[in-house]
Amino acid sequence: MKKILLFAVVAFAVVSCYKVDYKDPNAPIEKRVEALLSQMTIEEKVGQMNQFCGVRHVEKRDKKAQADNQDAQGYYPGINADTLRKWTQQGLIGSYLHVLEADEANELQRLAMSSRLGIPLIFGIDAIHGNCLAPNNTAYPTSIGQACSFDTEMAYTIARQCAKEMRAMNMHWTFNPNIDVARDARWGRVGETFGEDTYLVSQMGLAHIKGYQGDMQGGDDVLACIKHCIADSQPVNGANHAPSDISERTLHEVFLPPYEVAIREGLAGSLMTAHNEINGVPCHKSKWLMQDKMRDEYGFTGFVVSDWMDIERIHTLHKAAPSRKEAYYQSIMAGMDMHMHGIHWNEEVVELVKEGRIPESRIDESVRRILTAKFRLGLFENPYCDEVEGEKVRMCEEHRTTALEAARNSIVLLKNDGILPLDVKKYKRVLVTGINADDENIMGDWAAPQKPENVTTILEGLRQVAPQTNFLFVDQGNTPKKMKQENVDKAARLARTVDLNIVVAGETSLRARRGGKTCGENQDRAEIHLYGLQQDLVKKVYASGKPTILVIVAGRPQAVVWEDEHLPAIVCAWEPGMVGGQAVAEILYGKVNPSAKLAITIPRTSGQVQMYYNHKPSHYRYKLQDIPNKPLYPFGYGLSYSTYEYSDLQLSKSEIAANENIEASVTIKNTGARDGVEIAQLYIRDCYSDVTRPVKELKGFERVALKAGESKRISFTLTPEHLRYYNIEMERVVEPGTFKVMVGPSSQDKDLLTAEFEVK
Ligand code: BGC
């Protein structure tokens, strides 16, 4: 009887599964996926795993045709945009990237929906700090600036708004957040990251994922993609794509935790492998990474996408596969689900299946994951965007206001001998100069040029905020690579005639400035001081004898040592986004009290790299002969127009068991004359441990709004998770012994109150 019953139940389950119509929005997603999968040919399945650059992108490239650098431009030899349209209609393409216009997305989607099974495309785009790689969308401050605000709520809001702008133009999948831990300032992509601290990167990454993905019920939500897995931020010489040779311990302590948090807590829907090899194995063929760590250990259920043609590079660059086809084989068998991007995949992967090398069941796993994402995003029901309605969402007032507020919170005041905030009565004639003074460079990498009326440059911001001041401008072009001595000299001459000089220097990250870029993807440097003639400009303007202040716009730390020694004020604006010019001006003129703190150490020279605050105890046993052991500006540091006093650090207990929480509380007083926001930081140190531990590690932070004269008591909870580390056997444990708690306004010892507790 029992057997009959069991048979009936199984038979019912099987029948009901097949009965499901994959187009039925009320059926459970797993069943829709299986029903669809069961009807797909192997060609259609492998096509779902492939991505292409948008047809307009390809049309533009076609014009330059053979002369193009095929790899960087995504040129497809022998193929034109119409071929892609045809393949789409045949259901042989699963995804497009770099489609930059809503009507193009809708056009391609119509073709996909008219294919045999009508499987919608998923459109991916690098919406890193807003969907601003496409025109007419909000460009928020880049991630390094967002991290300096230590404002996870703001990061969430930015991602949520970005998701809305994406869906407004039929984009469904952002290649963000970048949760690389950036500990090498020479690397050009620092601006895309949340800085050097694993905990801060994890928390900011989590906020972004939650903002993008919402409840993943379709509508306004987009899929997040955590990248680049793993450790591409610490390549040899800081050079993008170069090998990362990093111990298993450092990977687990520094680079992997943001992924674990993103997967376990954020349920990140997709993941991108990194260009580099990790300890000898190209990430794109690392089973250890994709399967063992991400899926088996952390529970990743989304899909893995390759980075730009990096599967091919297993063969062409890394020489770790004898042919392209073998590279496809290795990558898929290691856990790869989607190929970014190209024309050989479909044919060669189908061959691999037909030859019996890749089991079809392995292909099914990947397709299942991709289809699940498409169903969850509601693409089968809602494949198009309303181009007219979308215009109301993109760059709307609310989003621009967020961008402005985020910029205000992300600008770090590095030095101020009292000249700031600027006195409008004293400084009536002001010279403004430098490559970033009146330029869209303030938007940073992964931004397309936007309409000038939508961008507030720093010069425009100054004119807006201090209309009574006479601002004179000397143009230095928009890249330090092409500065002209005559313009430097012109600024130097004019500097003598004014009351104050503002030099806006730094780097050029804007994508469109090909040939002029010094920072951003593939723009790595040996030195990190002001590039080209910029230091000459600062020195000559300073030689006028008139007060000279420096505003830095850059996506990586700038070693402004001479400037720090000589100038009365330095402001680091990072890349503050499309309305960043207003925020910079508001800070210079004191309309906004700066609050941001550095999410990354600023070294005195690239020779100090690697330099990060959470180093091991022996790191600075001896100093280098030619440079102090101290950074120019440390992690967590940033000035305000107020002063804050920390007192009375108390722990809730002096002793805890290894599975217990402990609270740390402290009083913070605004002892200045202005209202402000202080970013309080909590660090811990495991005083003696079997395996060496960092001298301090950030484990908590809070933005505390304080009126002038006001005091507040705040508290942090430390959980066993905060105290845990990998012991000598690489087991994650809380070791008994003494822990030191440090609370204060920066990572510098002199700033921190301390207390201790014991773990029994
Ligand atoms: C970058 C990725 C990016 C991809 C698509 C690659 O070159 O490394 O971060 O998502 O291009 O634009």
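The values are calculated or read from the model by the stated rules, or taken from the named source; none is laboratory data. Just so we're clear, the structure is a prediction, and the values are computed from it rather than from any experiment. Virtual Cβ from ideal backbone geometry, glycine too; neighbours counted across all protein chains shown. These accessible areas exclude ligands, DNA and RNA; they are computed on the full protein's heavy atoms, side chains included. Shrake-Rupley method; radii C 1.70, N 1.55, O 1.52, S 1.80 Å.
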Worksheet item: Roughly to the nearest percent, how much of the accessible area of the range 296-400 is carbon and sulfur, given a 1.4 Å probe?
Response: 49 percent
Worksheet item: Taking a temperature of 37 °C and a viscosity of 0.692 mPa s, what whole-number D in µm²/s does Stokes-Einstein yield for the range 397-461 with Rh from Kirkwood over alpha carbon pairs?
Response: 230 µm²/s
Practice prompt. Could you tell me which of rounded, prolate or oblate describes the range 587-656, using a ≥ b ≥ c as the square roots of the eigenvalues of the alpha-carbon gyration tensor, with rounded for a/c under 1.5 and, failing that, prolate when a/b is larger than b/c and oblate otherwise?
Written response: oblate
Response to the item:
Simple SL model, points at 7 angstrom along Cα→Cβ for residue 562 and residue 626; separation in nm is 1.6 nm
Practice prompt. Kindly write out, for the range 658-672 in residue order, the coupling ³J(HN,Hα) from the Karplus curve 6.51 cos²θ - 1.76 cosθ + 1.60 (θ = phi - 60°), rounded to whole Hz, with x marking Gly and Pro.
Written response: 5, 9, 9, 8, 9, 9, 10, 10, 8, 9, 10, 10, 7, 9, x
Item to complete: Compute the FRET efficiency between residue 59 and residue 90 as 1/(1 + (r/R0)^6), taking r as their Cβ-Cβ distance and R0 = 22 Å, and round to the nearest 0.05.
Response: 0.65
Practice prompt. Go ahead and run the numbers for FRET between residue 291 and residue 236, Cβ-Cβ distance against an R0 of 25 Å, rounding to 0.05.
Written response: 0.45
Discussion item. Under a Cβ-only charge scheme (Lys and Arg +1, Asp and Glu -1), can you give me the dipole magnitude of the range 314-420 about the Cα centre, in debye to the nearest 20?
Written reply: 460 debye
Worksheet item: What relative contact order, as a whole-number percentage, does the range 403-478 give when Cα pairs under 8 Å and 6 or more residues apart are counted?
Response: 44 percent
Worksheet item: Which whole-number percent is the relative contact order of the chain (Cα, under 8 Å, 6+ apart)?
Response: 13 percent
Worksheet entry | Calculated [θ] (222 nm, deg cm²/dmol) that DSSP helices of n ≥ 4 give over the chain, each run adding -39,500 (n - 2.57) | -9000 deg cm²/dmol
Practice prompt. Express the relative contact order of the range 411-608 as a whole percentage, based on alpha carbon pairs under 8 Å and six or more residues apart in sequence.
Written response: 34 percent
Worksheet item: How far apart, in nm, are the 7 Å Cα→Cβ label points at residue 543 and residue 43?
Response: 7.2 nm
Discussion item. Less than 11 Å Cβ to Cβ from residue 672, Lys/Arg counted +1 and Asp/Glu -1: what total charge do the surrounding residues give?
Written reply: -1
Worksheet item: Put +1 on the Cβ of each Lys and Arg and -1 on the Cβ of each Asp and Glu in the chain; which of 83, 550, 598 then has its Cα farthest toward the positive end of the dipole?
Response: 550
Worksheet item: Given the chain, what percent of its DSSP beta bridges are antiparallel, to the nearest 5?
Response: 55 percent
Item to complete: Take each of the peptides 530-537, 292-299, average the number of other beta-carbon atoms within 10 Å over its residues, and list them starting from the highest.
Response: 530-537, 292-299
Response to the item:
Ranked output for segments 515-528, 39-52, 315-328 by mean other Cβ atoms within 10 Å, highest leading, reads 39-52, 515-528, 315-328
Item to complete: Starting from the residue with the highest accessible area, list 710, 381 in decreasing order, probe 1.4 Å.
Response: 381, 710
Worksheet item: Which percent, to the nearest 5, of DSSP beta bridges fully inside the range 40-392 are antiparallel?
Response: 10 percent
Worksheet item: Using only Cα atoms, what is the ratio of the radius of gyration of the chain to 2.2 N^0.38 Å?
Response: 0.98
Discussion item. With every atom except the alpha carbons ignored, what do you get for Rg and Dmax of the range 644-759, in angstroms?
Written reply: 15.2, 53
Worksheet item: Of 23/354; 45/517; 539/597, which sit over 32 Å apart, Cα to Cα?
Response: 45/517
Worksheet item: How long is the gain from residue 615 to residue 316 if the chain were fully straight, where each residue apart is worth 0.36 nm and the alpha carbon distance is subtracted?
Response: 104.0 nm
Fill in: Global geometry of the range 411-608, whether rounded, prolate or oblate, following the gyration tensor of its Cα atoms and the 1.5 cut on a/c
rounded
Worksheet item: In debye, nearest 20: dipole of the range 644-759 around its Cα centre with unit charges on the Cβ of K, R (+) and D, E (-)?
Response: 480 debye
Response to the item:
When the charge dipole of the chain is computed with +1 at the Cβ of Lys and Arg and -1 at the Cβ of Asp and Glu, the Cα pointing farthest to the positive end, of 276, 294, 416, is that of 416
Fill in: Set of aspartates and glutamates near residue 19 by C-alpha distance (under 14 Å), chain-local residues within fewer than 8 positions excluded
30, 34
Worksheet item: To the nearest 20 debye, what is the magnitude of the charge dipole of the chain about its Cα centre, counting +1 on the Cβ of each Lys and Arg and -1 on the Cβ of each Asp and Glu?
Response: 960 debye
Discussion item. Along the charge dipole of the chain, pointing to its positive end and built from +1/-1 on Cβ of Lys, Arg, Asp and Glu, which listed residue (157, 142, 199) has its Cα farthest out?
Written reply: 142
Worksheet item: For residue 79 and residue 388 in one chain, what is 0.36 nm times their gap in residues minus the Cα-Cα distance, to one decimal in nm?
Response: 108.0 nm
Worksheet item: Mind checking the angle between helix 360-376 and the chain's longest principal axis? C-alpha axes, 0 to 90 degrees, to the nearest 10.
Response: 60 degrees
Item to complete: Return, ordered by residue number, the residues of the range 714-752 whose backbone nitrogen is under 15 Å from a label point located 7 Å along Cα→Cβ of residue 687.
Response: 735-742
Item to complete: First compute the accessible area of the range 644-759 with a 1.4 Å probe, then give the percent of it belonging to carbon and sulfur atoms.
Response: 45 percent
Worksheet item: Stretch residue 417-residue 453 to full length: gain in nm at 0.36 nm per residue minus the Cα-Cα span?
Response: 9.5 nm
Worksheet item: Using a basic spin-label model with each label point 7 Å from the Cα along Cα→Cβ, how many nm lie between residue 21 and residue 481?
Response: 5.7 nm
Worksheet entry | Surface accessible to a 1.4 Å probe, per residue, for the residues of the range 644-759, Å² | 45 Å²
